[in-house]
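Heads up: the structure comes next, in structure tokens.
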Amino acid sequence: MSRRDSRLVFLIVLGFALALSSAPAALGAWPGGVQQVAVPTERIVGADVFDSAVLVGARQYPGWAGVEHVVVASGEPAALADAAIAQSLCWAYDAPLLLVKSTSVPAATRVALQQIASVNPGLTVHVVGSSSTIRAASLAQVQSAASTATVEQPWKTVTRSSLAAAVAGRTREVAAATSRSIPAVALVANTGDNPELVWDAIVASAISRHTGIPLLVTGSRTVPLATSSALSAAGFPRVVVIGGTRSISSGAYGQLHASERWGGANLSSTAAIVGSKSTSLGYSSIATVGVAAVQGHAAVGAGLVGSQGGVMLFSGKARVARPTWSLLAANSGALSQAYVFGGGSIDEAQVRELRGDAARPWLASDAPGRYVAKRFRVTGWVGGNTTSISIKVDGKRVAGATLAPWQRFNFTAIPMSGSSARVEVVAENPDGRDTASGRTVKRLRYPAATCIVIDKSDFKLYWVKDNRLVKAYPIAIGRAGMETPAPATWKILAKYHTSPGSVYGPRKMRLFRQRGGHYSFTAYGIHGTNQEWVIGTKASHGCIRMYNRDVLKLFPQVPMGTLVFTRQ
């Protein structure tokens, strides 16, 4: 072998060795029994809910080909229940759902109608909503945009319960005319007593879009005649109430002759229960899921998810809600596609969590707070896809722990050396897909390992014990002309139980002021107040006033002889 060949071989071997050394470390295995969610996830975001409806419709019907019917409903927040009701009609006509305003048609909807009408001669547009929800001006703009189409608004003078009943009847007629069957079930939700309750109808509407099962409406305590009549017309099919007793009372449940209730303690748990129940009965499939955090995007998303047989779920902004995550984790092997609907209403971290990242952890509101002592507490919770956490101070790892999803963490002695620092909690998993949350803290200046600091600049009393800031309490201080002396050093050398109705509230701690090498009696003290509205102001004769509930908590913790430091 020549010298040149030898050099070539050496360089190849060296390059291979360097490649190996720079390769990422092998990832670990997930602990046994720890659930994980990792599903291909796509975010669908329009400029607004009207634009999002167009994007969803175009996804369902590429190029708008083969669209013979379009269903139009209101996208106004107060009328989103109409969009949920309309989903069974979308199933009946195999139609996209587009949204309009009360008195106008947004540009995105107008363009979509023009495009659909140009591609599909003989188009029919069905407007779902009364004339008070979609007014004549908006209807005229729909007709103008879909100029060659037939536009109908058959239910102009109806209540929402009558509208739902009429849509259910029309859906049955179309199904019969096209030789399709609808399961002998009715879903009933409350859409009127509280706008928040429209969520129940929205998550149920995905089932309607997939099966044609009607969505009827009721009040929380009284069942409208139109709803009772619709159930009678259908031969009292199996009635499923959507939502907990806060949505539909036990009395209304009885009036409906309901078979069962799909409801949880909150929005996300109700959505998860609806998804689980509908999947177990074959009305839906967990293979496709949609996630939204606001009603408008959810109402639009239910159409796409329902058309694919999937379930619509609710989540918060920062991380996947626990009931949502639990449902997905329990069915992780069946998941094939997730959609996230909405832009700013859901963080990108949540999209990454659905794809398999650790959920963004969250810190308790006051641990750590704005100020910390020499040692401080970091506590909070982790979400899904998390198996361990690291605590970092200015980028340096100072503590860690193994955790399961949704566990609480509590570190009580994190060291603080500088005057300020960035504290981060990093949620980790064996796939190396980590997520962090953090906040910047400042080192509190204080004179002794156990002491009280009165900071007049922010009307706060800081209680420090064993170099840990236990609590910051709001206070009132001396008024103009009777200011609380500062800077000054004091000791608590007397403690009293006082009358709860007195000017001192239920407890008082006497402040003795340092004068040279000794401490002298003064009239100043730390006590409660029977004028709690003055907290956060300059109101006293120089004493430190606290809320009575706060002084009752602080008093037994403070040893006699505790140093107190007042500062401007």
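The values are calculated or read from the model by the stated rules, or taken from the named source; none is laboratory data. All figures in this text were calculated on a predicted structure; none of them were measured in a lab. Ideal geometry is used to build each Cβ from the backbone, glycine not excepted, and the neighbour counts take in all protein chains shown. These accessible areas exclude ligands, DNA and RNA; they are computed on the full protein's heavy atoms, side chains included. Shrake-Rupley method; radii C 1.70, N 1.55, O 1.52, S 1.80 Å.
Using Cα centres only, tell me the gap between segment 358-381 and segment 507-544 in whole Å.
Cα centres, segment 358-381 to segment 507-544: 31 Å.
If ligands, DNA and RNA are left out, what is the accessible area of S307 with a 1.4 Å probe, given in Å² to the nearest 10?
Roughly 50 Å² of S307 is accessible to a 1.4 Å probe.
Below 26 Å, Cα to Cα, which lysines can K392 reach? Residues fewer than 8 away in the same chain don't count.
K317, K374, K442, K465, K471
Can you work out ³J(HN,Hα) from phi for every residue in segment 403-410, in order, using Karplus 6.51 cos²θ - 1.76 cosθ + 1.60 and θ = phi - 60°, giving whole Hz and x for Gly and Pro?
Computed from phi, the couplings for segment 403-410 are 9, 9, x, 6, 8, 8, 10, 8 Hz.
Using θ = phi - 60° and the Karplus relation 6.51 cos²θ - 1.76 cosθ + 1.60, list the HN-Hα couplings for segment 185-190 in order, rounded to whole Hz, with x at every Gly or Pro.
9, 10, 9, 10, 9, 8
Could you size up the charge dipole of segment 362-518 around its Cα centre, putting +1 on the beta carbon of Lys and Arg and -1 on that of Asp and Glu, and report it in debye to the nearest 20?
Using only the charged Cβ atoms, the result is roughly 800 debye.
Under 5 Å between amide H atoms, partner at least 5 residues away or on a different chain: which partners does K471 have, H built in plane at 1.01 Å?
W463
Can you list residues from other chains, or at least 5 along the same chain, whose modelled amide H is less than 5 Å from the amide H of S540?
Under 5 Å from the amide H of S540 lie the amide H atoms of I477, G478, R479, each far enough along the sequence or on another chain.
So who's got an amide H within less than 5 Å of the one on V398, skipping anything under 5 residues away but keeping other chains? H placed 1.01 Å off N, in plane.
Here the answer is I391, K392, V393, since their amide H atoms fall under 5 Å of that of V398.
Once the Cα atoms of helix 107-119 and of the chain are each reduced to a long axis, what angle between those two axes, in degrees from 0 to 90 to the nearest 10, is obtained?
30 degrees
Between T489 and S336, how many nm apart are label points set 7 Å from Cα along the C-beta direction?
Going by the 7 Å Cα→Cβ label model, 7.4 nm.
Starting from segment 422-461, pick out the trypsin sites (Lys or Arg not before Pro) whose DSSP state is loop and whose Cβ has at most 14 other Cβ atoms within 10 Å.
Those satisfying the criteria are R445.
Just want to confirm a number: the relative contact order over segment 29-162, from Cα pairs under 8 angstrom separated by 6+ residues, in percent.
Reported as a whole number, the value is 24 percent.
Under 17 Å Cα to Cα from K538, which lysines show up? Leave out anything in the same chain fewer than 8 places away.
Here the lysines satisfying the reach criterion relative to K538 are K456, K460.
Between Q35 and D458, how high is the FRET efficiency from 1/(1 + (r/R0)^6) when r is the Cβ-Cβ distance and R₀ = 35 Å? Nearest 0.05.
Efficiency for this residue pair is about 0.20.
Take the alpha carbon atoms of segment 39-99, find their center, do the same for segment 273-292, and report the distance between the two centers in whole angstrom.
Result: 19 Å between the Cα centres.
For the chain, what is the percent of antiparallel DSSP beta bridges, rounded to the nearest 5?
If I count the DSSP bridges inside the chain, around 55 percent turn out antiparallel.
Roughly how big is segment 335-394's charge dipole about its Cα centre, with Cβ charges of +1 (Lys, Arg) and -1 (Asp, Glu), in debye to the nearest 20?
360 debye
With angles folded into 0 to 90 degrees, how steeply does helix 267-280 sit against the dominant principal axis of the chain? Use alpha carbons for both and round to 10.
In the chain, helix 267-280 runs at an angle near 40 degrees to the longest axis.
Once the cut-off is 29 Å, how many percent of the Cα-Cα pairs in the chain end up in the long-distance tail?
Cα-Cα pairs in the chain separated by more than 29 Å: 65 percent.
What is the local net charge at Y283, summed over the other residues whose Cβ is closer than 14 Å to its Cβ (Lys, Arg +1; Asp, Glu -1)?
With Lys, Arg at +1 and Asp, Glu at -1, the neighbours total +2.
At a Förster radius of 45 Å, what calculated FRET efficiency corresponds to the Cβ-Cβ distance of V111 and D434, to the nearest 0.05?
Using R0 = 45 Å, I get an efficiency of 0.60.
How large is the charge dipole for the chain, taken about the Cα centre, if only the Cβ atoms of Lys, Arg (+1) and Asp, Glu (-1) carry charge, to the nearest 20 debye?
My answer is approximately 3200 debye.
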